[in-house]
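Have a look at the structure below, then the notes.
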Amino acid sequence: MAEDGLASHKRDPIKSSVGSVAAQKRRQNAVAVGKERRESLVRAKRLCRVGISGDSDIPLDSDMMIDEEQSILEAQTLSAVEELKSAIAFQGKGAMQKKVGALRELRRLLSRSEFPPVEAALKAGAVPLLVQCLSFGSPDEQLLEAAWCLTNIAAGKPEETKALLPALPLLIAHLGEKSSLPVAEQCAWALGNVAGEGEDLRNVLLAQGALLPIARMMLPNKGSTVRTAAWALSNLIKGPDSKAATELIRVDGVLDAICRHLRKADEELATEVAWVVVYLSALSNFATNMLVKSDVLQLLIQRLATSNSLQLLIPLLRSLGNLIAGDSHTISAILIPGREITDNIIEVLVKCLKSEHRVLKKEAAWVLSNIAAGSVEHKQFVYSSEAVPLLLRLLSTAPFDIRKEVAYVLGNLCVAPAEGNGKPDLILEHLVPLVGRGCLPAFIDLVRSVDTEAARLGLQFIELVLRGMPNGEGPKLVEQEDGIEAMERFQFHENEDLRNMANGLVDRYFGEDYGLDELAD
Amino acid sequence: MAMVVDMDAKGELGFPYWTPVRRRLNPDSPFFAYGNIQRELFAKQVALDLTEDEKNHLQNLVDEDGRDIFCPIVGCGARLTFLEDFEDHYNARHAASCSVCSRVYPTSRLLSIHVSEAHDSFFQAKVARGYAMYECLVEGCGLKFKNDKSRQQHLVDKHKFPRAFEFFKKAHPSKKARQKHQRKEAIQKRGETSSKMEVEGETIDGLVSAVSRLSTSDSSPSSISFGRHHTRGFIFLPRAVKREHSAHNGTKG
């Protein structure tokens, strides 16, 4: 089933709803196995199906999807492009109308069919014609339709997006403040798709100066343009190079706009802006530094507390996580235990832990683990919060990836900040009760995992227990939970580090004289 | 606030103790993959249509897609589809367990050596009469020895095992054995396929192939050890053994 889906439908899943058959197809496409499918799922490009609102001169098409067979569609596309070619060549009266009409037809085919015939359009030579339609002085209608066509051509496969290269300078030029808003927005959309393709195209766009004009489009308070610009920016700065992110935060008014939008914007706009913050904070130390010094931290927390939209919560949480992970200042100077902001952040993280959404639980645990990696006061604060009972429950019931993050939190709570190169000190006040509340089996379970990182964590925690539990209880507890058997598995494990760790523990704590003082009972 | 400050200098050599550190992640880290997909699915309005099951399925595919998961037990290399498969695979393939004392070995050969040496009075009788009964543990070597100590010496001299290595721990009071036995019974009561049952149900072919992979594997593990009481860093070289074997005149059998 999945493979059939791949063979016949090489395009993106459709966007609009045309009843349950389409919905089913979309689901099948989404869940199907395969590298290509996975790539198309992560594709950060967006097809433009519905016209950008705001310009009443452009008649709204009906919402009907074109339901033609692929070969018919391709034929229609070919003739549409031919029509456009002759319209461009035409010099007589009504030339403008002819051009707009031809563009509109092509645009309709590229936006109203379930799988837009992009390949056919490219083969017929659409791009150079569309570039011509973008020339300076052209009427807005023409610019809009041409940019719209280009947007959808760039929304699919890599080679299709790359075909837009000749159009980039003009698309960027029409972002200027002299352009009408819908035109600028449509151009930003097309550029957003190009940026979403990959690092190379991003670099081209940055070199051609796309960042500044799009950044400026994010400054107003509202409008669909602001949202499109924010989305395009998130694609443009996503690196892996940090330069663009650093450049963006330096643009006059951007930081202020980010704060404004996080504070007041509707959820859709706030979502796109939050994604901008995600990339700013993940890639650029400079940006992270500036963000931490502004109100952004507070605003992220506030928004996390009040919103219930998963789409918004994800980038908010992640931004928070990045700001904490990326800059020690966040924990050491701002999120100090005792302050209101610190109480608030725990509340908000608890809210995410309680969520039914796997992403939120996992990433919230990650954030907590970084807070728990702070000072002793931070550890005490987290330990006595509402988070710990939740974490313990997750440790036994949640999927593997969440359990791993929870393990990081709990372990970090039990170990003091490292000083120099010595063995970090244990915090028995946390270790003993946590073990008492039954967290050891979960760590031993991690030891049994195939995942090297998880196994390592498990062994490290076992070491804490063996070393730290008072009255020599450690070895007994570990044995009770089948810890010895779990560690013995590593005798035949191919990872030398893990083998040495496990062997070392067994040798040291379950050696010759282990259990000798136990008399048979 | 009381903290344990462990001054024990002769602690685990090089054990990487738990050290709390802030973990920073790249935006393209697989850790963030599912959240990224959520974002794009939603933009394409697909997320709204997925059922919970489909979401979970997608999550698993995303988490583990592209990462080939192989069994990490030396000589096995079996491909696993999901992380969760490892436990089942391990119990089926690598948990040859002794029905008497529940000790577990990764191959049936080692298990059978253990059973003979630890639980077979006939074996002990022959030993008492001076027969060379203690087999070299390295498959293909074929040498046998009259006592554990000389086998030990052989392992050290010829196969570079560490001096402190012990195939069997000296028997300890029954408490541990009892606990293990209790555990196994509990598992069986729960109705899960215990490792013991897996091994019995497992075809001979399966075990043999696992064993043969262990002995003929080209990728010699850098070190491997047997039994519970062992140290690090000795070399197990099946190929080396085969080379030596042909030059040997030791007792074979």
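Values quoted throughout were computed directly from the atomic coordinates according to the rules given, and no laboratory measurement underlies them. Predicted, not measured: the structure shown is a model, and the values here were computed from it. Because the Cβ atoms are built from the backbone with ideal geometry, glycine has one as well, and the counts that use them run over all protein chains shown.
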Binned at 10 Å from 0, what are the whole-percent values of the Cα-Cα distance distribution for the range A:204-245, short to long? 30, 55, 16
Ranked highest first by average number of other Cβ atoms within 10 Å, how do A:229-240, A:142-153 line up? A:142-153, A:229-240
Take A:E496 and A:A333, extend 7 Å from each Cα along the Cα→Cβ direction, and tell me the distance between the two endpoints in nm. 4.4
When all C-alpha to C-alpha distances in the range A:110-179 are sorted into bins of 5 Å, what percent of pairs does each bin hold, rounded to whole numbers? 3, 17, 30, 25, 15, 8, 2
Scan around A:S113 for amide H atoms under 5 Å from its own, H built in the peptide plane at 1.01 Å from N, and keep only partners 5 or more places away or cross-chain. A:I66
What residues qualify as long-range amide H neighbours of A:V415, i.e. H under 5 Å apart, gap of 5 or more or another chain, H built at 1.01 Å from N? A:I427
Using the Kirkwood formula on the Cα atoms of the range B:66-128, what hydrodynamic radius do you get, in angstrom to one decimal? 13.5
Sorted peptide list for A:338-344, B:99-105, A:377-383, criterion being average Cβ within 10 angstrom, highest first: A:377-383, B:99-105, A:338-344
Counting only other chains, and only Cβ atoms inside 10 Å, what mean value do you get across the residues of A:413-426? 4
A:D343 versus B:N26: modelled label distance in nm, points set 7 Å from Cα along the beta carbon direction: 4.1
Looking only at other chains, what is the average number of their beta-carbon atoms within 10 angstrom of each beta-carbon in A:252-259? 0
So what J values fall out for the range B:32-37 if you push phi through Karplus, 6.51 cos²θ - 1.76 cosθ + 1.60 with θ = phi - 60°, rounded to Hz, Gly and Pro as x? 8, 4, 5, x, 5, 5
Considering amide H positions built from the backbone, and no H for Pro or chain starts, which residues 5 or more places from B:F70, or on another chain, come under 5 Å of its amide H? B:L80
Rounded, prolate or oblate: which one fits the range A:157-311, using the alpha carbon gyration tensor with axes a ≥ b ≥ c (rounded when a/c is under 1.5, else prolate when a/b beats b/c, else oblate)? prolate
Can you pull the one-decimal nm distance between simple spin-label points at B:F82 and A:D256, each 7 Å off the Cα toward Cβ? 5.3
Per-residue HN-Hα couplings for the range A:83-88 [Karplus 6.51, -1.76, 1.60; θ = phi - 60°; Hz; x = Gly/Pro]: 4, 4, 4, 6, 5, 5
Using each residue's phi in the range A:100-105, evaluate 6.51 cos²θ - 1.76 cosθ + 1.60 at θ = phi - 60° and report the 3J(HN,Hα) Karplus result to the nearest Hz, with x for Gly and Pro. 4, x, 5, 4, 4, 5
Before anything else, pin down the relative contact order of the range A:279-339: Cα pairs under 8 Å, at least 6 apart, normalised by residue count, whole percent. 39
Run through every distinct alpha carbon pair of chain A and return the Kirkwood hydrodynamic radius in angstroms, one decimal place. 26.2
Too long for a 30 Å Cα-Cα cut-off, among A:K98/A:K238; A:K351/A:K379; A:K243/A:K354; A:K98/A:K162; A:K157/A:K178; A:K238/A:K362, are A:K98/A:K238; A:K243/A:K354; A:K157/A:K178
